[in-house]
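The values are calculated or read from the model by the stated rules, or taken from the named source; none is laboratory data. Keep in mind that this is a model prediction, so the values were computed, not measured. Positions of Cβ are backbone-derived with ideal geometry, glycine not excepted, and every protein chain shown enters the neighbour counts. What goes into the accessible areas is simple: the full protein's heavy atoms, side chains included, and nothing from ligands, DNA or RNA. Shrake-Rupley method; radii C 1.70, N 1.55, O 1.52, S 1.80 Å.
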Amino acid sequence: MILHPRTIRTRLTLWHAAVLTVIVFTFSAGIFFFVRVRLLEDLDAQLRRDLATIETTYREAPTELSEADSRAGIKLFEVTQGDQILYRTEAWGERGLSRAVRADATAATSWSSPEGASYRALASPYATLRISVAADETALHRTLWTLGIILALGIPCAMALAIAGGWFLAGRVLAPVGVMAERAKKITADSLGERLPVDNPADEFGRLATVFNETLARLQDSFERLRRFTADASHELRTPLTAMRSVGEVALHDSLEPAAYRDVIGSMLEEVERLTALVESLLTLTRVDSTRIQLAREVVDLGTLAANATEHVRVLAEEKEQTLSVQTNGAISVECDAALLRRGIVNLVDNAIKYTPRNGAIQVSVGVLASGEAAIEVKDNGPGIAPIHHERIFERFYRVDSARSRSAGGLGLGLAIARSTVEVNGGRIEVESDEGRGSVFRVVLPLHR
């Protein structure tokens, strides 16, 4: 079974304690072995000094080796030549230290007697004369044992402090998360204007809160646009329905001539046509906005597509005695869903016809931009659009002049559909316009190479 604490604070505390425990254990082990090595080095240095003292005494006054025992305090040593023992301290023989010295040893070695005592022995490297010295390691082992106990007791104490400190620090570090969580609980669809607190935008929690706030801002904008869309759609649907109901009630209340009834039915059919156009436009937007839409992509000539779309609405331009021309610049191929893109172009040209005055001029041109992209430009000499409206004219049901748009028969969805159909085909729409100077709507698409 794998232990998996439920809270981040607990996990951080355990990780903090585990890491600090490993560090303390490693540090303690390092100290222990460092002290052990230093103590052994000091003991080996003492043995070398004792060995030098005995060697000097033997060479200068061999008969005074016993003085090394009494005066120099060297209690454990032996001097042999071949198999002959020249001198041996009493303690050396009693403790059987001859077995502690290896014949091939070139450095100090440790040896434990059958009684459990431990000694450190060192012998001179001479072939004939052999001087061996030893020292009791009991004090060294006692020191190391005491140090080991202290370090071993320090590890659980360090763990306890690490857990307590980690719990405290984790609480302090995660405090902003708790504040953000409490604030986020209070944010609903009706209070999307609320934002999470950002104490320090440069740290991780500050960046997290900033990202959440940006997400909330996008959601707030989406909800606002959805509310506006719902209100506008309701208004657009209510207007023809109200007109149909009023006309029908009048027809039922009064006795009319057959010709009058035909006028009533004709009026109602006009409103039905308006409703049908609105529903179809909304369905088109829904289809285009759906991420699951299957595009029927094919390589088409953009000039031919623009010409066909223009011919579809030419009769509207002729009714207003407008000049509608199409100019192409060679064969320009793009890969797109031709039906969707044609719908967008039709909406752009239809929009230009609606807002261009009688006897005006509309020019549709197809070419390649300096950036290497294909473009369709719809240029008119209508009233133009103020820069403050350039972004919003592509919103659903948005009208620069709502009264004029309704009188012209517009639903406020044409530009929204145009942008959606172009963007779903990998392109974009640009607008250049000023009040009183006409407008240019430019559809930009990647060339098919």
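Here are some notes:
- Residue, farthest from residue 24 (Cα to Cα), within the stretch 180-213, restricted to residues that are in contact (Cβ under 8 Å) with a residue 12 or more places away in the chain and open to solvent by 80 Å² or more (accessible area, probe 1.4 Å): 194
- Flag if residue 116 is over 14 Å from residue 50 (Cα atoms), part of a helix (DSSP H, G or I) and not polar (S, T, N, Q): no
- Yes/no for residue 149 being touching a helix residue (DSSP H, G or I) at 6+ places or on another chain (Cβ under 9 Å), at negative phi and assigned to a helix (DSSP H, G or I): no
- In the set (1) touching a Lys or Arg at 6+ places or on another chain (Cβ under 9 Å); (2) open to solvent by 30 Å² or more (accessible area, probe 1.4 Å); (3) closer than 25 Å to residue 41 by Cβ, residue 152 fails one condition alone, (1).
- Here residue 54 does not qualify as in a strand (DSSP E or B), at pLDDT below 85 and touching a strand residue (DSSP E or B) at 6+ places or on another chain (Cβ under 9 Å).
- When 387, 383 are checked against the criterion of being more than 43 Å from the chain's Cα centre (by Cα) and modelled with pLDDT under 90, 383 stands alone in meeting it.
- Of all residues in the stretch 71-89, none are in a helix (DSSP H, G or I), touching a helix residue (DSSP H, G or I) at 6+ places or on another chain (Cβ under 8 Å) and crowded, with 18+ Cβ neighbours inside 10 Å.
- So residue 373, is it acidic (Asp, Glu), in contact with a Leu (Cβ under 9 Å, 6 or more places away or on another chain), within 19 Å of residue 440 (Cα to Cα) and open to solvent by 20 Å² or more (accessible area, probe 1.4 Å): yes
Yes or no, residue by residue, for (1) of a type in the set (S, T, N, Q); (2) modelled with pLDDT under 80; (3) under 35 Å from the mean Cα position of the chain (by Cα):
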| residue | (1), (2), (3) |
| --- | --- |
| 395 | no, yes, yes |
| 398 | no, yes, no |
| 409 | no, yes, no |
| 413 | no, yes, no |
| 418 | no, no, yes |
| 422 | no, no, yes |
| 427 | no, no, yes |
| 430 | no, no, yes |
| 437 | no, no, no |
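- In the stretch 265-274, the residue that is farthest from the chain's Cα centre (by Cα) out of those that are modelled with pLDDT of 75 or more and open to solvent by less than 90 Å² (accessible area, probe 1.4 Å) is 266.
- Test for residue 228: is it over 30 Å from residue 16 (Cβ atoms), basic (Lys, Arg), open to solvent by 70 Å² or more (accessible area, probe 1.4 Å) and under 35 Å from the mean Cα position of the chain (by Cα): yes
- Candidates 223, 168, filtered to the one that is in a helix (DSSP H, G or I), open to solvent by 90 Å² or more (accessible area, probe 1.4 Å) and either of a type outside the set (Val, Ile, Thr) or closer than 30 Å to residue 37 by Cβ (or both): 168
- Selected residue (criterion: surrounded by the fewest Cβ atoms within 10 Å (Cβ to Cβ)) from residues of the stretch 111-149 that are more than 28 Å from residue 28 (Cβ to Cβ) and polar (S, T, N, Q): 128
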